[in-house]
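The structure appears below as structure tokens.
Please treat every number below as a calculation from the coordinates, not as lab data. For clarity, every value in this text was computed on a predicted model and none was experimentally measured. Ideal geometry is used to build each Cβ from the backbone, glycine not excepted, and the neighbour counts take in all protein chains shown.
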Amino acid sequence: MTEVELAQLPSPCYLLEEVRLRRNLELISRVARESGCRFILALKGFAMWSAFPLVRHYLPGCAVSSLAEAQLAHNHFGGHLHLYAPAFSDQEFPILLRLADRISFNSLSQWWRYAKPTLAAGVSAGLRVNPEIDEVAVDMYNPCSPQSRLGIPAAELGNTLPEGVAGLHLHALCECGVESTEALIDAVETRFGHLLGSLHWLNLGGGHLLTRAGYDLARLIHLLRGFGRRHPGVELVLEPGSAVAWDCGPLVASVLDLISRGGVEIAILDTSATAHMPDVLEMPYRPDVRGGAFPGEKRYSYRLGGVSCLAGDVIGDYAFDHPLVVGERVIFEDMLHYTMVKSTLFNGLRHPAIAIRREGGRIEVVRRFGYADYEGRLS
């Protein structure tokens, strides 16, 4: 990104690189064709609806987990809609029935509560199950522990499915490689294999990071084809979130102040870890900064801090070839998945603007935020 292009952007700003998004979508579409599986967009990972006109050329629908997500998918995406939530409310469920093509229930009690209206509406019904595998290192993101509230364990489900259940839904992975997908399929066939013959579909959830460099696509296609040969009557569905927007654009921020505290040089930015990239603190992880390195690897080191009043709003320590100056842009790479969807207006901080660099090179700012957005979510 040139200095001229940087100057065109408001700060802070999420910037989608349309060329990169299409690259990911073409890869996912190829895997779908060669494996015979259906891939849909998980809005919990990427819900930038200004990009939906491009995404829906490649993906036939969305996976959603709330009424708001369902309405967004209906209004801006269209196509197939697969709904799952840990629990549904009596107030919202009739609306959801009008939007969803498939609904997965998190528990048998939820199934029995809503089975009759679901089947009467002609919506294909499924149950979320827990395959009880351990493929996710961070407990916060692992849905498969024995005490997990997400999904029904095999022992509780028993030997037969309730009449009217057409599918099973699993989610067990988080930014995983193909070996974890293989472990998931093995667990499905081991724990739920006796039920597969009665199913119309099986949703393997998200966390399949097939657009990451080095992912073994040939092995994934082989695995999915093999499942299809063994269970020819079952449609296999995957719903990647991160994989769609992986490495598709940065969060651009600016230096507001430079201070020194306790022997540490600190650059305070106009963005925030807690408000704009919360996985930095939750995961936690250290985002890549363009031109940045680990302290000691380059001459000038800084602690990059957020602009909120949270003491722990610290992004990390980085080294640069040159001393930072107030007003300089700092570019955090790969910041489009699980960022906009998890951002908050904590402290009244302005949400980063949203921009797209079109495939021809033109940069379009599609949304700016201000006081009205903060006021509008409170009363």
Practice task
Measure off 7 Å from each Cα along the Cα-to-Cβ vector at Lys342 and Ser198, then give the distance between these two points in nanometres to one decimal.
Solution key: 3.8
Completion exercise
Scoring segment 155-268 by relative contact order with C-alpha pairs under 8 Å, at least six apart, yields a percentage of 26
Completion exercise
Nearest-0.05 FRET efficiency for Arg230 and Arg299 at R0 = 35 Å, using Cβ-Cβ distance, is 0.05
Handout entry: Rel. contact order, % - alpha carbon contacts under 8 angstrom, at least six apart, segment 18-245
Key = 22
Problem - Sites matching trypsin sites (Lys or Arg not before Pro) across segment 284-325 that sit in DSSP coil, with at most 15 neighbouring C-beta atoms within 10 Å - result: Arg290, Lys298, Arg299
Handout entry: Theoretical gain in end-to-end length, Ala121 to Glu179 [0.36 nm per residue, Cα-Cα removed]
Key = 17.0 nm
Problem - Chain lengthening between Glu163 and Ala7 when straightened (0.36 nm per residue, less Cα-Cα) - result: 50.1 nm
Problem - Label-point gap, in nm, between Ser109 and His57 - each point 7 angstrom along Cα→Cβ - result: 4.8
Exercise for the section: Could you check which residue among His194, His276, His322 shows the biggest mean-square fluctuation in a GNM of the chain with a 10 Å Cα cutoff? Expected result: His322
Exercise for the section: Indicate the gyration tensor shape class of segment 247-379 (rounded, prolate or oblate), computed on the Cα atoms with a ≥ b ≥ c the square roots of the eigenvalues: a/c under 1.5 is rounded; otherwise a/b larger than b/c is prolate and the rest oblate. Expected result: oblate
Completion exercise
Excluding residues fewer than 8 positions from Lys342 in its own chain, the lysines with Cα under 27 Å of it are Lys44
Exercise for the section: Mind giving me the nanometre distance, one decimal, between the label points for Ser29 and Asp101, set 7 Å out from Cα along Cα→Cβ? Expected result: 1.7
Handout entry: Size of the chain as Cα extents on the principal axes (Å, biggest first)
Key = 66, 48, 44
Exercise for the section: Can you tell me the relative contact order of segment 1-108? Whole percent, Cα pairs under 8 Å, sequence separation 6 or more. Expected result: 19
Exercise for the section: Kindly identify segment 52-156 as rounded, prolate or oblate by the Cα gyration tensor criterion: order the square roots of the eigenvalues as a ≥ b ≥ c, call it rounded if a/c is under 1.5, otherwise compare a/b with b/c, prolate if a/b is larger, else oblate. Expected result: oblate
Fill in the blank from the handout: Cα extents of segment 105-152 per principal axis, largest first, Å, are 41, 17, 15
Problem - Cα centre as origin, Lys/Arg/Asp/Glu Cβ charges: the chain dipole, Debye - result: 860
Handout entry: segment 51-160: GluC sites (Glu not before Pro) in DSSP loop, at most 16 other beta carbons within 10 Å
Key = Glu92
Problem - Filtered chymotrypsin sites (Phe, Trp or Tyr not before Pro), segment 220-295: DSSP coil and at most 16 other beta carbons within 10 Å - result: Tyr285
Handout entry: Gained length - Arg22 relative to Glu333, 0.36 nm times residue gap less alpha-carbon distance
Key = 110.2 nm
Practice task
Run through the DSSP bridge list for the chain and note the antiparallel percent, rounded to the nearest 5.
Solution key: 40
